[in-house]
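The values are calculated or read from the model by the stated rules, or taken from the named source; none is laboratory data. Everything quoted here is computed from the prediction, not taken from an experiment. Backbone-built Cβ (ideal geometry, glycine too); neighbour counts: all protein chains shown. What goes into the accessible areas is simple: the full protein's heavy atoms, side chains included, and nothing from ligands, DNA or RNA. Shrake-Rupley method; radii C 1.70, N 1.55, O 1.52, S 1.80 Å.
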Amino acid sequence: MSNFPHNLLGEWTAQLSNHAGKTKQSHPSYWADDPSVLHTSCTINNALLGTGEALISSILPSILSAQHEILIVTCFWARSPSQAAIGDALKQLSAQAISRGAHKIRVRICFSSLSFTQKLFHTFSRHGQTYPSSTWVKKFGLPHPDELSGLDLEIKSLFFLPFSVIHPKYIIIDRNQAWLPSCNVSWESWFEDCVAFQGNAVRKMLVFHHHVWGHDVHDVLDNYSSPTFSENSTSPSIDLNTSSALNQVIKALPDTPYPDIPTLILPSPHHINPRFRFLLPFLRAPSPPPTPLNIFTLTLLAHAHTEIYMQTPNLTSPPVVDAVIDALSRGVAVTIVTNRTMMFLEQLVTAGTLTEICIWRLVRRYKALLRSAGVGSSVRSGVRARLGSKRKSSVQPSPASPGPIHPENLSSSPDVDVESGLRAPTSPTHPDSSPQQRIGRLRIYYYKPRLDSDRTSVFDSNSSQVDLQPGLGPGRASSSSPSHPDQETLPSPPPHPEPVKSHLKLLIVDSSTVLLGSGNMDRASWYTSQELGVAFSSESFAGTMLQSISDQIISAKRGEVYFAS
């Protein structure tokens, strides 16, 4: 078992302690006096890649196995096949509880965004807003309350004007297993990921949940280790081949779990003040709120030695851009995968800029860095070529340069340049002297769907994949034939949609530390929204994730090379 680097944890903990006074003004802030409460460990059971609908469908067997409690937390709840599948699963779960003659299964659905008017008139109270059963069918697309009588169901929302959405996404089942998807319960066909884990980290997730949503916190903590809520119980297996509600899921991990993984639970409370400086744009961007997630991300980037892989829906956070430039100046290789024109209006409102502009500025700063180090700037920029273009950088790297992001995978394709470092020339008077400065290689990809989206399998064949039969599965039955007259009918989606954007949030540093969760590298996530990240320290997990992502982004040619040094 590899732990987080001691100096990384030490610096992160020290910064959290230094900001404890400011942190206590946030909600939640239960870690302010003792950041060690965020330290834990877990067993990683699954890591999946696919569309949001496929990932939600993959969780259904676990939902149907619940005996006591299900916590479903999402940012956006919308009419969609995912929502219909959850509704059908809850209906089946209710029938199971009634047939057993057992107690009602407690179900809590927590969300932040349903519609513009819902957010505009939402209460400012931290207790949030709960919704009566009379609204479940029309507002949330769930089965009629009479069909959910075996459940103790509560639906609750939190939102704080002007921009503070509650952005975390997770599902916790029987206080024993947690699922951390990047997707909302919504209709978008985006490239997503989901990690499932068990162990003490689930308890830490519960502590966070009950400080935010206020669901029986004392009851949960008192009964967590009781026989009915044992953390040692086994997770139900997921037979993807028999789940016809799935379109397709890529299993990023082998069947053997990863046990005893050092883990950090990283909350990031919401903040009302976005701290815009539109009238004084020449001023340096204000420091982001000192949340555990923000501080850990910047500290992790500052401690990178060889390589950074970053995949984010948008990139508009000034502190992240500064940290990337700093890493490049230290010789760290950086790979970024992001999107064009994703959530265009939302970016303008919450950040006052766009990812494309921030990427352009990042490249300009990088070229200035190369010039200041005396390195030639023969690079590809703005290339409208698919990943895997046969054009390569003309810059010849030093043999001593560090390897690229997951070199054994990238080097398997002759179309991908795998070098990762640029060196300044040696001193002319001392040719044997060491280089003055080594500048890390920068690669930026814009995600773009493949053109062959009508294929039977939309994912690359060199990954462990499950290709299921098209057609309506049990999770969509009620969407086409509603069991109650008030429930709307949803059209059937195409069987195998190609992900049109990347919504995955992933940071891997030095092939050893993996950061997943809800947080984007955009201004909204860093300054106003509530987020939740989970960091794992494991070289084997990091390597497997890099391999799977490379298979689906680079090898599968999903994207454009925007810049490659």
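If the requirement is being acidic (Asp, Glu) and either touching a residue at least 60 places away in the same chain (Cβ under 8 Å) or open to solvent by 80 Å² or more (accessible area, probe 1.4 Å) (or both), which of these qualifies: 146, 152?
146
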- Looking at segment 326-356, which of its residues are in a helix (DSSP H, G or I) and more than 23 Å from the chain's Cα centre (by Cα)? 326, 328, 329
- Task: Tell me which of these residue 168 doesn't satisfy, since it passes every other one: (1) surrounded by 22 or more Cβ atoms within 10 Å (Cβ to Cβ); (2) over 23 Å from the mean Cα position of the chain (by Cα).
- Result: (2)
- Message: Regarding segment 290-307, can at least one residue be identified that is open to solvent by 10 Å² or more (accessible area, probe 1.4 Å) and in contact with a His (Cβ under 7 Å, 6 or more places away or on another chain)?
- Response: yes
- Item | segment 547-565, residues that are open to solvent by less than 10 Å² (accessible area, probe 1.4 Å) and of a type in the set (A, V, I, L, M, F, W, C) | 549, 553, 556, 561, 563, 564
- Item | Qualifying residues in segment 81-113 (those that are of a type in the set (Lys, Arg) and in contact with a Ser or Thr (Cβ under 9 Å, 6 or more places away or on another chain)) - the one surrounded by the fewest Cβ atoms within 10 Å (Cβ to Cβ) | 104
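Considering only residues of segment 123-133 that are under 20 Å from residue 72 (Cα atoms) and among the polar types (S, T, N, Q), which is surrounded by the fewest Cβ atoms within 10 Å (Cβ to Cβ)? Please lay out each step first, then the result.
Taking segment 123-133 first, the residues under 20 Å from residue 72 (Cα atoms) are 126-133.
Those still in the list that are among the polar types (S, T, N, Q) too: 129-130, 133.
Numbers: 129: 14, 130: 10, 133: 14.
Among residues in segment 123-133 that are under 20 Å from residue 72 (Cα atoms) and among the polar types (S, T, N, Q), the one surrounded by the fewest Cβ atoms within 10 Å (Cβ to Cβ) is 130.
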- Filtered residues of segment 289-310 (kept if outside any helix (DSSP H, G or I) and of a type outside the set (Asp, Glu)): 289, 290, 291, 303, 304, 305, 306, 308, 309, 310
- Item | Residue within segment 114-122 that is more than 30 Å from residue 271 (Cα to Cα) and either of a type in the set (A, V, I, L, M) or loosely packed, with under 12 Cβ neighbours inside 10 Å (or both) present | no
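Suppose the filter is farther than 22 Å from residue 298 by Cα, surrounded by 21 or more Cβ atoms within 10 Å (Cβ to Cβ) and at pLDDT 50 or above; does residue 375 pass it? Steps first, answer last, please.
Details: farther than 22 Å from residue 298 by Cα: yes; surrounded by 21 or more Cβ atoms within 10 Å (Cβ to Cβ): yes; at pLDDT 50 or above: yes.
Yes: the conditions hold for residue 375.
Being open to solvent by 10 Å² or more (accessible area, probe 1.4 Å) and at positive phi: is that true of residue 141 here? Before you say what the answer is, go through the steps one by one.
Details: open to solvent by 10 Å² or more (accessible area, probe 1.4 Å): no; at positive phi: yes.
No; evaluated as a whole, the condition is false for this residue.
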